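Please treat every number below as a calculation from the coordinates, not as lab data. If you're wondering where the values come from, they're calculated on a predicted model, not measured in any experiment. Methodologically, a virtual Cβ is constructed for each residue, glycine included, from the backbone with ideal geometry; neighbour enumeration extends over all protein chains shown.
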Amino acid sequence: MNGNALRTFAGGVEAPRHLALDSQSRVLVADFVNHRVLRLSPELTLDTYLVDTHNAPVNMWKPTRLCYNDATGCLYVVYGAEFSPAAYFVSVFKLS
């Protein structure tokens, strides 16, 4: 191994906190500062925003951990509430 990066995504992700992969080698990224979860293609180009402030539960901010269950198509997101840094929640999103 020579340690050279094979691919890089530089699409405005600030403080990525966690990554997950699906069975199609797409990368799910918890974008902590921008309050969203992105899906990148295997080539690391932006595919879509899976979760952001428009489709998330009220006060869903700062995603910190992701777990994707390929069998069910469910994405589990751990996040902290905006005004309560000690309060963390888990939401489940059914992805198509």
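Before moving on, here are some points about what is shown:
- A protection proxy built from the mean count of other Cβ atoms within 10 Å ranks the segments 2-15, 39-52, most packed first, as 39-52, 2-15.
- In the chain, taking the dipole from charged Cβ atoms about the Cα centre, the farthest positive-side position among C74, N4, H54 is held by C74.
- The tail of the calculated P(r) for region 16-94 beyond 14 Å holds 58 percent of all Cα-Cα pairs.
- Karplus (6.51, -1.76, 1.60) ³J(HN,Hα), θ = phi - 60°, over region 65-75, in Hz, Gly and Pro reported as x: 9, 10, 9, 10, 9, 5, 5, 9, x, 9, 10
- Computed across region 9-56, the Kirkwood hydrodynamic radius from all distinct Cα-Cα pairs reaches 10.7 Å.
- The chain - percent relative contact order, Cα under 8 Å, separation 6 or more: 20
- Listed from fewest to most Cβ neighbours within 10 Å, the set R36, R26 follows the order R26, R36.
- Residue-wise HN-Hα coupling along region 37-44, computed from phi with Karplus coefficients 6.51, -1.76, 1.60 (Hz; x: Gly, Pro): 10, 9, 10, 10, 5, x, 8, 6
- Rounded to the nearest 20 debye, dipole of the chain from Cβ charges on Lys, Arg, Asp, Glu: 120
- Dipole of region 16-94 computed with +1 at Lys/Arg Cβ and -1 at Asp/Glu Cβ about the Cα centre; of Y88, V29, P16, farthest Cα towards the positive end is Y88.
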